[in-house]
1. Of the numbered conditions (1) under 23 Å from Ala134 (Cβ atoms); (2) over 17 Å from the mean Cα position of the chain (by Cα); (3) open to solvent by 30 Å² or more (accessible area, probe 1.4 Å), Ala90 satisfies every one except a single condition; which is it?
2. In the stretch 1-120, which helices (runs of 4 or more DSSP H) lie fully inside it and hold 3 or more residues that are in contact with a Pro (Cβ under 8 Å, 6 or more places away or on another chain) and not polar (S, T, N, Q)?
3. When residues of the stretch 6-65 are filtered for being more than 16 Å from the chain's Cα centre (by Cα) and of a type in the set (Asp, Glu), how many remain?
4. Please tell me if Lys62 is within 15 Å of ligand 1 (Cβ to nearest atom) and free of Cβ contacts under 8 Å to residues at least 60 places away in the same chain.
5. So for the stretch 36-52 (the condition being surrounded by fewer than 19 Cβ atoms within 10 Å (Cβ to Cβ), away from ligand 2 (no atom under 15 Å from the Cβ), farther than 14 Å from His7 by Cβ and not hydroxyl-bearing (Ser, Thr, Tyr)), does at least one residue qualify?
6. Residue by residue through the stretch 112-127, note down the ones that are touching a helix residue (DSSP H, G or I) at 6+ places or on another chain (Cβ under 8 Å), open to solvent by less than 50 Å² (accessible area, probe 1.4 Å) and over 18 Å from Ala96 (Cβ atoms).
7. Restricting to the stretch 97-111, count the residues that are more than 16 Å from ligand 1 (Cβ to nearest atom) and open to solvent by less than 90 Å² (accessible area, probe 1.4 Å).
8. For residues that are in a strand (DSSP E or B) and of a type in the set (Asp, Glu), scanning just the stretch 121-134, find the one that is farthest from ligand 1 (Cβ to nearest atom).
Amino acid sequence: MLGRLNHIAIAVSDLGAATALYRDTLGAEVSEPQPLPEHGVTVVFVVLPNTKVELLEPLGEKSPIAAFLERSPAGGIHHICYEVSDILAARDRLKAEGKRVLGDGEPKIGAHGKPVLFLHPKDFNGTLVEIEEA
Ligand SMILES: CC[C@H](C(=O)O)C(=O)SCCNC(=O)CCNC(=O)[C@H](O)C(C)(C)COP(=O)(O)OP(=O)(O)OC[C@H]1O[C@@H](n2cnc3c(N)ncnc32)[C@H](O)[C@@H]1OP(=O)(O)O
Ligand SMILES: [Co+2]
């Protein structure tokens with residue numbers, strides 16, 4: 001089912017400062033900020049030779065990462081995103097195995113313009129898993 005590691009996401013309280021840290025202190029290539037109001041976040045991608053880091057800042061009143069940052073104000077690793085070739089087949093197999101797919105279970109378009117779904121962290125070793133159709 002799983003393909004490449006697409007990105008590892010870090011939730012941050014200050015996207016500008018985190019972007020500067022990766023760009024200036026770590027010398028990494030960073031994208032422009034990308035507001036995703038339908039997902040309640042603004043993202044910046046740190047482009048690495050073999051994958052990406054997705055820096056996430058809450059956007060709007062109902063951001064799904066707000067509670068995470070209340071628990072961890074300094075930020076932290078928020079989720080990991082794997083690529084899959086067929087997101088609906090992956091979803092149906094995961095549900096058949098009793099894994100919880102978050103939201104209404106229908107893929108939404110993510111930051112890369114591809115369908116994504118999220119799987120409950122309690123079903124995956126305390127790790128929020130995102131799958132993205134490659
Ligand atoms: C799609 C655009 C972009 C992209 O890549 O293209 C993105 O990735 S957007 C990313 C932001 N969107 C999401 O994260 C959507 C999915 N996330 C959610 O629906 C919530 O974050 C949820 C339900 C996973 C957690 O929300 P919340 O913290 O408000 O819920 P609870 O307090 O009920 O948490 C339940 C339980 O899970 C633990 N938890 C929460 N978040 C995480 C996490 N990121 N990693 C690991 N564990 C997490 C939380 O501590 C609770 O545990 P408990 O032991 O019961 O206290
Ligand atoms: Co993501």
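1. For Ala90, the exception is condition (3).
2. Hits in the stretch 1-120: 87-96.
3. 5
4. Yes: the conditions hold for Lys62.
5. yes
6. Result: Pro115, Val116.
7. Total satisfying the criteria: 1.
8. So, considering only residues that are in a strand (DSSP E or B) and of a type in the set (Asp, Glu), the one farthest from ligand 1 (Cβ to nearest atom) is Glu133.
The values are calculated or read from the model by the stated rules, or taken from the named source; none is laboratory data. Treat the numbers as computed from the prediction; the structure is a model and nothing was measured. Don't worry about glycine lacking a Cβ; one is built from the backbone with ideal geometry, like all the others, and counts go over all protein chains shown. What goes into the accessible areas is simple: the full protein's heavy atoms, side chains included, and nothing from ligands, DNA or RNA. Shrake-Rupley method; radii C 1.70, N 1.55, O 1.52, S 1.80 Å.
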